[in-house]
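Structure, as structure tokens:
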Amino acid sequence: MAKTVLVSGGAGYIGSHVTVELFAAGYEVVVADNMSNCDLTCFNGVKKITGREDIPFYEIDCCDYAAVNRLFDEQKIDAVIHFAAFKAVGESVAEPLMYYRNNLVSFLNILEAAKNHGGCNVLFSSSATVYGEAENLPVTEKTPRLPATSPYGNTKTMCEDILRDTVRATETIKGIALRYFNPIGAHPSALIGELPRGVPNNLVPFITQTAIGKRECLSIFGNDYPTEDGTCLRDYIDIVDLAKAHVAAVSRMLDGRMKEGYEIFNVGTGRPVSVQELVDAFEKVNDLKLNYKIAPRRPGDVVAIWADTTLANEELGWKAERTIEETLASAWAWEKSLAGK
Ligand code: UD1
């Protein structure tokens, strides 16, 4: 019988892509989402791509323990992928309590419910933000985490620790934390993608919205950094590649191939790309001119970070495959498809 994976935050950007890849790999999926930062666009897109009209969908808030518990009563869950969290760095600085409550309580509830239902395999959606401004690049999973610079980042570090400690104390719970670098792009069908509310904080949605005319001008935050072209370096990971890393990690847990009860993997390409390079590649592959200007540095940005992906390559048998050009073309196709809706 197919194993069932609960995807919390499954109607969102990453969750919807992961749901598609889980079905493609033969898993059953139950989606939980409180729709606080998305509408039904991506969930409907998932149904179209997979041809599955019957995906069990729980419109619940994972901060509601009774609701999470009920879900576990009703469904036999073999693994959970936990995405349900707030993710805006600036907002987390302004509203720390809201971030700590939401991101911590929802995860505690998932773990508690899993424990009370005989245990589970838990995949936590973490971030390269836990490395802060790392001294040695690229970062490996052994690179020390640095004190987070935002409550958002802090919740990622704290949830990693909560998972680690829970696994240590609970024989029936196994855990993997995936540390994503910068997820970008959209599904090749252009039926699912990123749907930022309001002004985007992240680079690629800002680029595509500028290209389509929703925003007047992209600001490149700083060109006086100590890098070749003076702009920051990041490791941009294609969203479909990222989704496939989740399938690899879930299979590893479900097939009993973990080497330890709690494991961590970087999920990136291993290639640093500068903001300027990304902008140039976007213009070239999509054959357009982007309106952009150089602006002051953005407070809190690190100069450079990219992943050493050896561990994920070797242990998960996973590797990023799509080129940055394919990814940027998919981001543009998605933005254009939204304009037609
Ligand atoms: C940000 C968060 C990180 C979070 C990640 C989620 C900060 C400081 N970090 O990462 O914690 O996990 O999003 O995806 O917010 N840039 C511009 N102009 C723009 C927007 C961005 O030049 O309009 C530059 C930034 O300076 C940075 C790069 O583009 O160098 C990537 O920025 P962004 O997409 O916001 O991601 P991060 O800051 O790396």
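Surface composition of the range 81-183: carbon plus sulfur atoms contribute 54% of the solvent-accessible area (1.4 Å probe, protein chains only, all chains present). Projecting label points 7 angstrom from Cα along Cα→Cβ for N313 and N201 puts them 3.1 nm apart.
A cut-off of 5 Å between modelled amide H atoms, ignoring neighbours fewer than 5 places along the same chain, links V80 with L6, N121, V122, L123. Across all directions, the shadow cast by the convex hull of the chain built on its C-alpha atoms averages 16.1 square nanometres.
Output the relative contact order of the chain, whole-number percent, from Cα pairs under 8 angstrom with separation of 6+ residues. 19 percent. Convex hull volume of the Cα atoms of the range 238-341, normalised per residue: 153 Å³. Quick note on the range 219-261: its Rg to Rh ratio, both from C-alpha atoms and Rh being the Kirkwood radius, is 1.33.
Considering only E283, E314, E91, the Gaussian network model of the chain with Cα springs below 10 Å gives its largest mean-square fluctuation to E314. Among N102, Y58, F124, which residue has its Cα furthest toward the positive end of the charge dipole of the range 50-164, with +1 on Lys/Arg Cβ and -1 on Asp/Glu Cβ? Of the candidates, F124 comes out farthest on the positive side. A 1.4 Å probe run over the protein chains yields, for the chain, 44 Å² of accessible area per residue, whole-number rounding. Based on DSSP H segments of at least four residues, each scored -39500 (n - 2.57), the chain has a per-residue ellipticity at 222 nm of -12500 deg cm²/dmol. Here the label points at D73 and R101, each 7 Å from Cα along the C-beta direction, are separated by 2.5 nm in the simple model. Take every Cα pair under 8 Å in the range 188-263 that's 6+ residues apart, average their separations, divide by the length, and report that relative contact order as a whole percent. That works out to 11 percent. Each label point was placed 7 Å from the Cα along the Cα-to-Cβ direction; for A66 and D161 their separation is 3.2 nm. In order along the range 42-54, the phi-based Karplus estimate (6.51 cos²θ - 1.76 cosθ + 1.60, θ = phi - 60°) of 3J(HN,Hα) comes to 6, 5, 5, x, 4, 4, 5, 5, 8, x, 10, 7, 9 Hz; Gly and Pro are listed as x.
Across the range 87-173, the volume of the C-alpha convex hull divided among the residues equals 96 Å³ per residue.
Applying 0.36 nm per residue to the separation of D255 and K214 and subtracting their alpha-carbon distance, the gain on full extension is 10.1 nm. Of the cross-linked pairs K48/K76; K87/K284; K87/K289; K156/K293, those separated by over 27 Å at the C-alpha level are K87/K284; K87/K289; K156/K293. Our coupling estimate for the range 75-89, obtained by passing each phi through the Karplus curve with A = 6.51, B = -1.76, C = 1.60 and θ = phi - 60°, is 10, 8, 9, 8, 8, 10, 10, 9, 10, 4, 6, 7, 9, 8, 4 Hz, Gly and Pro reported as x. For the range 182-297, the Cβ-based charge dipole about the Cα centre amounts to some 300 debye (Lys, Arg positive; Asp, Glu negative; other atoms uncharged).
Which of the GluC sites (Glu not before Pro) across the range 221-273 are loop residues per DSSP, with 12 or fewer other Cβ within 10 Å? Counting only loop positions with at most 12 other Cβ atoms within 10 Å, the GluC sites (Glu not before Pro) in the range 221-273 are E228, E260.
Across the range 252-257, rounded Karplus estimates of 3J(HN,Hα) from the backbone phi angles (6.51 cos²θ - 1.76 cosθ + 1.60, θ = phi - 60°) give 4, 5, 5, 8, x, 9 Hz, Gly and Pro being marked x.
The values are calculated or read from the model by the stated rules, or taken from the named source; none is laboratory data. Note that the structure is predicted; figures quoted are calculated from it, not measured. Glycine gets a Cβ as well: all are built from the backbone with ideal geometry, and neighbour counts include every protein chain shown. SASA here: full protein model, heavy atoms, side chains in, ligands and nucleic acids out. Shrake-Rupley method; radii C 1.70, N 1.55, O 1.52, S 1.80 Å.
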